[in-house]
Amino acid sequence: MEEKGPLPSAHKLFLQGRKQLELTGIHDVVSFDAKEVVLRTQMGVLLVRGEDLFVKRLTVEQGELDLEGRIDSLIYSEKAKTKDGESLMKRLFR
């Protein structure tokens, strides 16, 4: 049997004081800015909203991401949406 590289880590969240967020099980960063980060995870699309958000560390190969800033909400969805509410797939295939 052929080995296909390391398995991605399980999806986990660790939120410390609403100022630091450590995530595992990340497949892709869809978009990010200082108020919103959209991630594709093993559990669906995760929308992180807040203020002064900053990606401190990202290792796509290991599926890990560390965020800093004021974290106001974490929302899971099955589909990625852009800021104007349009689905990411629609936007890509315009």
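With all protein chains in place and ligands, DNA and RNA left out, the 1.4 Å accessible area ranks His11, His27 as His27, His11, largest first. How much net charge surrounds Ile71 when only other residues with a Cβ under 13 Å from its Cβ are counted (Lys, Arg +1; Asp, Glu -1)? It works out to a net charge of -1.
The values are calculated or read from the model by the stated rules, or taken from the named source; none is laboratory data. Quantities reported herein were computed from a predicted structural model and do not represent experimental measurements. Positions of Cβ are generated from backbone atoms using ideal geometry, with glycine treated the same way; all protein chains shown enter the neighbour counts. Side chains included, ligands, DNA and RNA excluded: accessible areas come from the protein's heavy atoms. Shrake-Rupley method; radii C 1.70, N 1.55, O 1.52, S 1.80 Å.
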